[in-house]
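Coordinate-derived values only; no laboratory data. Not measured: the values here are computed from a predicted model. Every residue, glycine as well, gets a Cβ built from its backbone with ideal geometry; the counts of neighbours run over all protein chains shown.
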Amino acid sequence: MPDRYHIHTTVTPGRFHRVGKFGGVDWREDCARCSECVKPLCNYEVHENETNHNRDPLAAVQPLYECKACFSCVQGCTKGLLSLSVNPEYLDMGDEYWKADLIHSTWVQADMGKIPVSGAGYRGPFHGPGFDSIWTDMSEIVRPTRDGIHGREYISTSVDIGPKPMRLVFSADGKMVTPPSHLLEIPLPAILDIPAWPVREIGVALARASAARDLQTMAVLFAEDAVAVPDRDIGSVVPILSGEDIEKRRDLIKKASGMVQLLDGPEVATAAAEIRKLKPRAIVSIRLTLRPNTADRVVELSRQGFKVLHLCADQHGCERTSDGMPGRHIKDALREIHGRLVQEGFRDEVTLITSGGIALAEHMAKAIICGSDLVAVDTALLVSLGCRVCLNAHSLLIDGADRQSPESRHPECPIKSAVSDVPYATRRMVNLMGAWHGQLIEVLGAMGIREVRRLRGEVGRAIFREEIEKEAFGDLERIPLQRVSA
Amino acid sequence: MTTTIADLKMRNGAKFERLGNSDYPQETVERKVRPVPDRYRNAIGKFKVDRLANCIGCGKCGEVCAYGVHLKPEGFKYTIRPKDYLCIGPACLETGRDCVSQCPEKAIRVRLNPNAECLGDPRWSSDLVLATWHMAETGHTPPPHLEYRVGESGGGFDKIRFKFEVDGSESVTADVDKTADQQLEALPEIDTGLELNRRNDNRPRIHIDIPVYGGGMSFGSVSINTILAKARAMTAWNSFTCTGEGGYPDRLKPYDDHVITQVATGLFGVREETIQRVRIVEFKYAQGAKPGLGGHLLGDKNTPDVAQMRGAVAGNALFSPFPFHSVYSVEDHKKHLDWIKEVNPRCLVSVKVSTPTDVDMVAVGSYYAGAHIIHLDGSYGGTGAAPDIAKKNIAMPIEYAIPKVHKFLAAEGIRDKVTLIASGGIRTAYDALKAIALGADGVVVGTVEMIALGCVRCSTCESGRGCPRGIASTDPELVDLMGLDWATQRLINLQNSWREQMVSVLRKLGLPSIQSLRGRTDFLCYLADE
């Protein structure tokens, strides 16, 4: 049996202040000390744990938030002294994209490294913008490729990065003219990207590199951070370079992974040539800000020979437009770009990496369905360390342009506790990606797809709301919402 | 208030013929509505009534309140703690009998209950949970301050309305003001029954009195009391419940005629005799909440009793494979169905599938393979345990699948030869009616039954000791939290309330039967955002 890719996770409880959804209110002064107290009966020992926590002089002064809101104690108390309320601090977390539930789920995944499993059905809105308007398809009973849970170990999540010639060309005397292709194969369709905003703590960058090594993938780092990465991990680093950097980063380029990134600009061709002089087999990827006209630029760069393109959306997964307003979501932009490359006839030669707004495991699958080869995970890694996305994430973009901005971290930023302990931060990042990998396999298994490479651009394996709604409800009379009586 | 409907025999549903193959003495359960209060001491309502310290105990509030919130029993010096779950909130101001303004000391305050705000989610809003509790408690339509028809998910059934709801020409809550007797008088006018066998294949034409039956929940995922209560309630309503994939507990035998044996991919507890004793056998190919994945029982809930029933080892997590590895074509599928039909020559066969893009093809294939019932389970359905990613992202919601399959079966010319059942997100009587208007013949429910039994959707059914409220647990101590009689009556009441609402809507639409609503999308409209 060939070696199977497995992400080894380790339970690593977060060291930051956890914000929970439910807060208990207990009118203790009215307690009758009756013999039917409901607190010892709690299925989760919430009251007992809280009492012990409060008595512990060394414990942090903060609630434990262990309540699952089963209401057993609230409804059972003989005097009705207990009640619950939704914690406003919880509702304050994140923004309209990085919602509190999403942040909380990410924390749990980073704690445990497991696929989140729960009882009861789906609880959220029927659909939403962006990725929330896509359902992945599944195969029912009559699909021979379908192999179910027993074949799950054999589902491949590997992807190739690099130029892929469509055919080999030989000279008249039988020698191969096509230059040999140097592909980087990574076993996870995700690389670890720089955060959305300038987190200058080197600890986060080092943890990313270390996690990338453990995951056998790559981590994108600014060159000035990359030089601090220990030799053990440097082989997993993709440094971001600019033209003037190249000469002074010769050692880094040689030691780093087989890929480097260049910020898009007029001089990328010259810079790429210089890099290849230093490291002939280096894959040069171009980092582009996703804009409404990115498809044109992608085609242009592909024609120039740049076959690995990293598209950076904003943190809500939207294009950046000239008026500063969010543009289309990456699901739409990717479908356009993928379609253009197919039309131009060189889609299979190009590797598209997408970042920005990849917040959940399902986003990884859906971005690939829409046309990306792999994704780059950014803000989710910070969230795994306790980040609550308290900045206005929508205005920040991971194209490197903001990296000289002044430090804007809150003095109580929860990830500060993580940056001094790289192994801890590494474990949480690995756990998160382990949970994502497991979920990707669940989805691939349900779809009856045996390798993630085959998922790219496979819109036939997805259900788009706009289309299915027209098909299902097209013959219903449409009435403006306002006409509905309260 | 006790309302009897024992004299209610459905016109077409009065043939309670003894069709089952069971040799076990069958029990009957009385179809009668009785009030069943919450089994916890402090029921939760939408509003919270605070009595402040300056209350002088005059009892005026008890005199004016028409809903029984305030009580000052004979000989008591003070009024007892308000039963605020009965309070109707600000709407009471219009009655002129509200406690807040009538209190001489201004010692009463009414506000939204923070507990109620912690309940629910967009799909099952707090109001829907509370309204379902009300239906289970009283057996009748909830009061107007609770939204009992739609949730807050912003799509699907929550964006579809019957046109009469939108035009405002008639209030659908008008029934609330009528007495129960008046409602009963109107009930026999409408037939809510459903024929399940349309194939004319010499197998029994099984009739159920309501277009609803209970979804599969295995022993292990839920408690024995939950299973029995579901079976007893559906016996009362001459309908069905389903075993799920956990085997056939002996205590279900008295209700064999109203039980569907499920044959799922793990074949847990499936034996020839469990197939032979029932009137319907269901093949579960997939489940809406986790399409493309098998069943999932975490190790903690696999107690010795559960393991014995399933022929497994206690404490181990049990996964069912996906799919049936013996079925990769319609021919294989037919072979499966033939097997069941051979084992039980008098049963009907139902095929439960989830909702991929090609669900219409699957449905047609199932018909040609010999299925009597095609059961579509939409992706927002319930589960005892499933990966969160599967609940939301795999396969389409049932609202999309019903019209797709209905139209395809009609185009194929076989729509009237097969019964189409929808499940996976049918939360209310209105959801059921909309599903039927979109093209289904009837619906299967699951989560709403759990809510009626007191589920608060805390989503912790899957692990540890299971449900802290004793519904979805096999822990002996927790199971005892819910009595069988109480649970049975709650479910009988729920179905009575649903039937009242169905009759009310059908009457408004001028239709004589639930079957005449099928596919009538002209009664529906879609709420557009623009």
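How crowded by other chains is A:66-77, given as the mean number of beta carbons from other chains within 10 Å of each beta carbon?
Values: counts 0, 2, 5, 8, 9, 11, 10, 3, 6, 11, 5, 3.
Whole-number average of other-chain Cβ neighbours for A:66-77 is 6.
Please say if segment B:306-418 is rounded, prolate or oblate, where rounded means a/c under 1.5 for a ≥ b ≥ c the square roots of the C-alpha gyration tensor eigenvalues, and otherwise the choice is prolate for a/b larger than b/c and oblate otherwise? The shape class here is oblate. Once you have the Kirkwood Rh of chain A from its Cα pairs, apply Stokes-Einstein at 25 °C and 0.890 mPa s and quote D in µm²/s. Value of D from the Cα-based Kirkwood radius: 100 µm²/s. Summarise the partner chain shielding of B:517-528 as one whole number: the mean count of Cβ atoms from other chains within 10 Å of each residue's Cβ. For peptide B:517-528, the averaged partner shielding equals 4.
In summary, the lysines within cross-link reach of B:Lys77, defined as a Cα separation below 23 angstrom excluding same-chain residues under 8 places away, comprise A:Lys79, B:Lys48, B:Lys60, B:Lys106. Looking at segment A:238-316, the trypsin sites (Lys or Arg not before Pro) that sit in a DSSP loop and have at most 12 other Cβ atoms within 10 Å of their own Cβ are A:Arg281.
Per residue, chain A reaches -9000 deg cm²/dmol at 222 nm when only DSSP H runs of four or more residues are counted, each adding -39500 (n - 2.57).
Highest average first, the peptides A:367-378, A:236-247 ordered by how many other beta carbon atoms sit within 10 Å of their residues are A:367-378, A:236-247. Measuring against 28 Å, Cα to Cα, the residue pairs A:Lys114/B:Lys391; A:Lys114/A:Lys470; A:Lys470/B:Lys230; A:Lys175/A:Lys307; B:Lys352/B:Lys417 contain A:Lys114/A:Lys470; A:Lys470/B:Lys230 as the ones spanning a longer distance.
For the ranges B:390-399, B:456-465, A:99-108, what's the packing order if you count other beta-carbon atoms within 10 Å of each residue, average per peptide, and put the highest first? Numbers along the way, then the final one.
On the way: B:390-399: 28.5, B:456-465: 21.5, A:99-108: 19.8.
Sorting B:390-399, B:456-465, A:99-108 by mean packing, highest first, produces B:390-399, B:456-465, A:99-108.
Rounded to the nearest 10 degrees, the inclination of helix A:202-215 to the longest alpha-carbon principal axis of chain A is 80 degrees. Think of each Lys and Arg Cβ as +1 and each Asp and Glu Cβ as -1; about the Cα centre, that makes the dipole of the protein assembly as shown roughly 820 debye.
For chain B, a crude dipole built from +1 on the beta carbon of Lys and Arg and -1 on the beta carbon of Asp and Glu, taken about the Cα centre, is about 360 debye to the nearest 20. Computed from backbone phi with θ = phi - 60° and the Karplus coefficients 6.51, -1.76 and 1.60, the 3J(HN,Hα) list for segment A:54-62 is 5, 7, 7, x, 8, 6, 5, 7, 6 Hz; x is used for glycine and proline. Treating only the Cβ atoms of Lys and Arg (+1) and Asp and Glu (-1) as charged, compute the dipole magnitude of segment A:149-467 about its Cα centre; round to the nearest 20 debye. Dipole about the Cα centre, nearest 20: 620 debye. Assign one of three labels to segment B:213-348, namely rounded, prolate or oblate, based on the Cα gyration tensor with a ≥ b ≥ c the square roots of its eigenvalues; rounded applies when a/c is under 1.5, prolate when it is not and a/b is larger than b/c, and oblate otherwise. Taking the square roots of the gyration eigenvalues as a ≥ b ≥ c, segment B:213-348 is oblate. Backbone amide hydrogens, once placed in the peptide plane, bring B:His296 within less than 5 Å of B:Ser320, excluding anything fewer than 5 places away on its chain.
How big is Rg to Rh over the protein assembly as shown, alpha-carbon atoms, Rh as the Kirkwood inverse-mean-distance radius? Could you put the intermediate results ahead of the total?
Details: Rg = 30.5 Å, Rh = 30.6 Å.
Reported Rg/Rh (Cα atoms, Kirkwood Rh): 0.99.
Between the listed residues B:Ile208, B:Leu511, B:Ala487, the Cα displaced farthest toward the positive end of the dipole of segment B:189-526, a dipole computed from Cβ unit charges relative to the Cα centre, is found at B:Leu511. Shape of segment B:47-117 from the C-alpha gyration tensor: prolate (a/c of 1.5 or more and a/b above b/c, with a ≥ b ≥ c the square roots of its eigenvalues). As a calculated quantity, the FRET efficiency between B:Leu509 and A:Phe170 at R0 = 56 Å, using C-beta atoms, amounts to about 0.15. Placing unit charges on the Cβ atoms of the charged side chains and taking the dipole of the protein assembly as shown about its Cα centre, the candidate lying farthest along the positive direction among A:Leu374, A:Thr12, B:Cys99 is A:Thr12. Judged by the mean number of other Cβ atoms found within 10 Å, the most tightly packed of the peptides A:318-327, B:276-285, B:431-440, B:60-69 leads the ranking B:431-440, B:276-285, B:60-69, A:318-327. Based on DSSP H segments of at least four residues, each scored -39500 (n - 2.57), chain B has a per-residue ellipticity at 222 nm of -8500 deg cm²/dmol.
Count, for each residue of A:465-477, the Cβ atoms from other chains sitting within 10 Å of its Cβ, then give me the mean as a whole number. Before the final figure, lay out each step's value.
Values: counts 4, 0, 0, 7, 6, 0, 4, 13, 11, 3, 6, 15, 9.
Mean shielding count: 6.
With axes computed from alpha carbons, what is the tilt in degrees of helix B:484-509 against the longest principal axis of chain B, rounded to the nearest 10 within 0 to 90? That helix lies at roughly 90 degrees to the long axis.
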